[in-house]
Amino acid sequence: MKHLLSTQDLSKDEAVTVLDTAAQMAATQSREIKKLPTLRGRTVVNLFFEDSTRTRISFETAAKRLSADVINFSAKGSSVSKGESLKDTALTLHAMGADAVVVRHWASGAPHQLAYSGWLGGGDDHVAVLNAGDGTHQHPTQALLDAFTMRRHLVGRVGGAPDDGVGSDLAGVKVAIVGDVLHSRVARSNVHLLRTLGADVELVAPPTLLPVGVETWPCTTSYDLDETLARRQPDAVMMLRVQRERMSGGAGAFFPSPLEYTRRYGLDARRLAMLPSHSIVMHPGPMNRGLEISAEAADSPGSVIVEQVANGVAVRMAALYLLLAGTSAEGSVQ
Amino acid sequence: MSSGVPSLTTVLGAEEIQRALTRIAHEVVERSKGAADVVLLGIPTRGVTLAHRLAERLAAIDPAFDPAVALGDLDVTMYRDDLRRNPTRAVGPTTLPPAGIDDKIVVLVDDVLYSGRTIRAALDAISDLGRPRAVRLACLVDRGHRELPIRPDFVGKNLPTSTEERVSVRLHEVDGQDAVVIAGRGADEGSAR
Amino acid sequence: MTPTATTGAWVLRSVRPLGGEPADVVLADGVVRQVAAPGTASVPDGAAVVEGEGHVLLPGLVDLHTHLREPGREDAETVLSGTRAAAAGGFTAVHAMANTSPVADTAGVVEQVWRLGQEAGWVDVHPVGAVTVGLDGERLAELGAMADSKARVRVFSDDGRCVHDPILMRRALEYVKAFDGVVAQHAQEPRLTEGAQMNEGVVSAEIGLAGWPAVAEEAIIARDVLLAEHVGSRLHVCHLSTAGSVEIVRWAKARGIDVTAEVTPHHLVLTDELARGYDPVFKVNPPLRTAKDVEAVREGLADGTIDIVATDHAPHTREDKDCEWGAAAFGMTGLETALSVVQQTMVDTGRMTWADVARVMSTNPARIGRIDGAHGRPVEEGEPANLVLVDPTASRTVDGAAQVTASSNTPFQGTQLPGRVVATFLRGRATVLDGVPVDPTSEVVA
């Protein structure tokens, strides 16, 4: 891997390699000494154009556990009030000798531009770019940690041995992703990755929150959560966060009221009971309890929401390892 | 030696490998005054297989040795010092005995001892995993050319080589046959000696 | 006597007017003096000769939609640099859009732009007046004052923004009838395009850029043609870009509504697939659409539903394009590539003749802009010598940095385009010779 920009770029073998590497990383994280010397001397820059303390801390932890030097670079700004330009920031980071840039940006495509503009150098000298969420485009490490979590719970245990499903894909796993798909980079990343890994995905949302063009995505869609839960009996239900600003905006609001959203698309105790007993409940966080997910669902035995956070560190360690540990020449993992 | 086909020379056969392992097993027991506190850690890939074979022999010699609780795999990938010189390596599993390695006599098991860098990585990995009473090193072949101050405690065979040669250990469980093979040694040169 | 660019007579030998039979064309005193069979023209003493070698002679191109950026954004383009680029592209007249700073919403600003055009001398600059004060869409600008000014404004547009208030649009359509003006509408329903970044569809859904639905354009066009019919006004639709828009205009024309429509060169060839690389050079308003839309606008242009090709030449500084897609400015340069794109998409494909090109890039835009006394004239004796000579067999690789415009945001960077402007004449004076702009003050020895 040269960069990690989109889950669409990952082949099945590559995706499984990331998950398998993450499994080994996760194993090291239960030890007393969690730190590994692997990336000693390498510099990872967390470049955040958008606030996200959770994601930043997760990447920072991952990089530090691998002994990389971490520089946090917060370059807040918006399309309205531009701060330092992306280009100048990139040139600065390159001059400072960054080996990898973890970038979170409000603009879809900004990581792609960083990776391919030449602002970060090129050739042997290239800086790996890791997309930590761009606009409404992609958030690949979130999808990878979701897949990792699903594999641990739904695949690894089928054969009896709790082996985290190492080596396996997600063939036949039924997943429902529920909520604001339109604005969700998490949904976009998951649809493609889960499909690549062989899972069956159904998106469930009010029609206003599904993008025009979704019909070409490798998944099915539904407007009716009850029907999806009853008919598909999903192995995993992933609830997406509903942004508060989607409810306001008068005529432009995407649904009439929070109450109506909760009634139609919230995961509550009644809907939880419709799920098979082995099903897991997921949420990328931070949750709006009482809106898209009730406390009963969030705190239920099937909830793996807290574990998702822990797995996030392992998956990000794996991504950093795979991007930075080898020679810069492109090549598959040996 | 103008032929373009690399010549292969078998330096150890199946029987010799078995005998070497049996001898090493006896040496381990002797050196450790019994095998009760011994933990074998195999270094992937073939070191793991060799460790399993050694474990069987230790159990046969000293019934106090229980392979189920005294055998593990030590993946040293993330401790290597040559990661940036090679294509990305897959990270393998590290499995320790349930009781860990604190106060045990750890015997590292590898197939070929060469520069010593893998063992250096293994020693670093061990120090992150616990505090053994002692760490010893067993290898099937020592081919010399050490780059670090490391020496084996138990050796199946000392094999003088040149750096151009490639030594590979083949094991039945992995490769379908037991043999130690040298590639790159000229046939003429070999027969002249 | 040595003929000069300013004063000399010219003989264009063996050129093909509108792509037809070869002829020798003599220019003198600012007009076409003679069109004669090869070798039979009476050549004035000291006339300079251009060997035509079968090149195509067209009336000088007229752009109804150019952003010259002056006043306000002289860092992106000036009247001087923009009109020089226009001449290089084969144009003899351009309509300068009103979204400058200050906005061209008063007689003072339009006269300033008009005067700058006169001084530059590369092409005739016809300022477009804003429909509403400050382009704010709230109240009418003094349209009559601009019409009566030295700039004689006939085209009014809030381009860049849509006159979306229906009552305001109705009033504008009605009011400009008094001086035979036309409202050129930038059809973009603002509420349907809040934050929009690219065409809404399969690509936008996948790459996560906010979508710009076709209906936001089509709904305004549908409303406006009905308004134009109701009040008996003429309406011009800027840069239509969707198959639906073509159908609506086709329907309106069949109904007898006095509507004209334009398409840009880039909408004739580029699609929204180009957004996948997030290069803001492809960010434009209206956005690049799908292959189906490209086919529809080509068909509409060929069958006359779409009257003209206009460049929507929108130069931007490097800073405004060297950034995130979401932060980048909309627009692309077009003056120097327009004719080549039309040749590639319409002529070389057999859908149009060179006479059709003259119609959609010269005659029709001149008529819509009411400058058809001087521009868009036939290539005949006694007509103003506003002409462009094109070598359709040439081909070139586009390099934004090497273009004459002050900006380099061409979407055709590095691509091969057919055709080359050999010479441009403005009232008998060569503004471009051998493909190179000729400074109006310099003496040229042919």
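Every number here is computed from the coordinates shown, using simple stated rules; none is lab data. Bear in mind the structure is a predicted one, so any value in this text is a computation, not a measurement. In this analysis, Cβ positions are derived from the backbone assuming ideal geometry, glycine residues included, and neighbour counts consider all displayed protein chains.
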Could you state the number of Å between the C-alpha centres of region A:234-254 and region B:24-84?
56
Inverse of mean 1/r across different Cα pairs in the protein assembly as shown, Kirkwood, Å:
33.1
Note on chain B, DSSP bridge orientation, antiparallel percent to nearest 5 equals 35
Once amide H atoms are built 1.01 Å from N in the peptide plane, which residues 5 or more positions from A:L130, or in another chain, come under 5 Å H to H?
A:L4, A:V101, A:V102, A:V103
In nanometres, what is the gap between the two model label sites at B:D82 and A:K12, each 7 Å from Cα along Cα-to-Cβ?
3.4
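Sum -39500 (n - 2.57) across every DSSP H segment of at least 4 residues in the protein assembly as shown, then divide by the residue count to get the 222 nm mean residue ellipticity, nearest 500. If you can, show how the numbers build up before the last one.
Working: 28 runs with 280 residues, N = 973.
-8500 deg cm²/dmol, from helical runs alone.
Of all DSSP beta bridges in the protein assembly as shown, what percent run antiparallel (nearest 5)? The partial results should precede the final answer.
Numbers: 39 of 123 bridges.
If I count the DSSP bridges inside the protein assembly as shown, around 30 percent turn out antiparallel.
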Going by average Cβ density within 10 Å per residue, which order do the peptides A:141-148, A:37-44, A:286-293 take, highest to lowest?
A:141-148, A:37-44, A:286-293
Amide N of region A:176-217 lying under 11 Å from the label point, which is placed 7 angstrom from the Cα of A:Y223 along Cα→Cβ
A:205-209
Given labels modelled 7 Å from the Cα in the Cβ direction, how far is it in nm from A:R289 to C:D348?
6.6
Which of the lysines could be linked to B:K157 by a straight reach, that is with a Cα gap under 20 Å, when you skip same-chain ones fewer than 8 residues away?
none
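Which net charge results when you count Lys and Arg as +1 and Asp and Glu as -1 among the other residues whose beta-carbon is under 11 Å from that of C:E77? Numbers along the way, then the final one.
On the way: positive: C:R69, C:R73, C:R84; negative: C:E70, C:E74, C:D75.
Every neighbour counted, the sum reads 0.
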Compute the long axis of helix A:140-150 from its Cα atoms, compare it with the longest principal axis of the Cα atoms of chain A, and write down the angle in degrees, 0 to 90, nearest 10.
50
Which of the aspartates and glutamates could a cross-linker span from C:K150 if the Cα-Cα distance has to be under 15 Å and same-chain partners fewer than 8 positions apart are dropped?
C:D105, C:E111, C:E119, C:D124, C:E142
Output wanted: per-residue J couplings in Hz (rounded whole) for region B:159-175, from phi through Karplus 6.51 cos²θ - 1.76 cosθ + 1.60, θ = phi - 60°, x for Gly and Pro.
10, x, 9, 9, 5, 6, 7, 10, 9, 10, 9, 10, 10, 3, 5, 9, 10
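To the nearest 0.05, how large is the calculated FRET efficiency for C:E53 and C:Q413 if R₀ is 25 Å and r is the Cβ-Cβ distance?
Result of the calculation: an efficiency of 0.25.
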Return the long-range amide H neighbours of C:D124 (sequence gap of 5 or more, or a different chain), with a cut-off of under 5 Å between placed amide H atoms.
C:A93, C:V94
Could you calculate the FRET efficiency of B:D102 with A:S257 from 1/(1 + (r/R0)^6), where r is the beta carbon distance between them and R0 is 45 Å, rounded to 0.05?
0.15
With label points built 7 Å along Cα→Cβ from the Cα atoms of C:Q118 and A:T327, find their separation and express it in nm.
7.1
With a cut-off of 8 Å between alpha carbons and a minimum separation of six or more residues, what is the relative contact order of chain C in percent?
21
Pairing the Cα long axis of helix C:291-302 with the longest principal axis of chain C, what angle in degrees results, from 0 to 90 and rounded to the nearest 10?
50
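In a shell of Cβ-Cβ distance under 9 Å around C:A151, excluding C:A151 itself, what net charge do Lys and Arg (+1) and Asp and Glu (-1) give?
Values: positive: C:R115, C:K150, C:R152; negative: C:E111.
Charge balance in the 9 Å sphere: +2.
Among DSSP bridges having both ends in region C:10-128, what percentage is antiparallel? Round to the nearest 5. Mind showing how you got there, number by number?
Working: 9 of 23 bridges.
Within region C:10-128, antiparallel bridges account for around 40 percent of the total.
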So the angle from the long Cα axis of helix C:79-88 to the longest Cα principal axis of chain C, reported in degrees to the nearest 10, equals 60
I'd like the Karplus ³J(HN,Hα) series for region A:63-72: coefficients 6.51, -1.76, 1.60, θ = phi - 60°, whole numbers in Hz, and an x wherever there's a Gly or Pro.
5, 5, 5, 9, 6, 6, 7, 10, 10, 9
Work out the FRET efficiency for C:E381 and C:E247 from their Cβ-Cβ distance, taking R0 = 51 Å, and round it to the nearest 0.05.
0.75
Excluding same-chain residues fewer than 8 positions from A:K35, which lysines have a Cα within less than 20 Å of its Cα?
A:K64
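Relative contact order of region A:142-276, please, whole-number percent, based on alpha carbon pairs below 8 angstrom and at least 6 residues apart.
Reported as a whole number, the value is 24 percent.
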Per residue of region C:190-196, in order, report the coupling 6.51 cos²θ - 1.76 cosθ + 1.60 (Karplus, θ = phi - 60°) as ³J(HN,Hα) in whole Hz, putting x for Gly and Pro.
x, 5, 7, 10, 4, x, 5
The answer for C:V32, listing residues at least 5 apart or on another chain whose modeled amide H is closer than 5 Å to its amide H, is C:G382, C:E383, C:A385
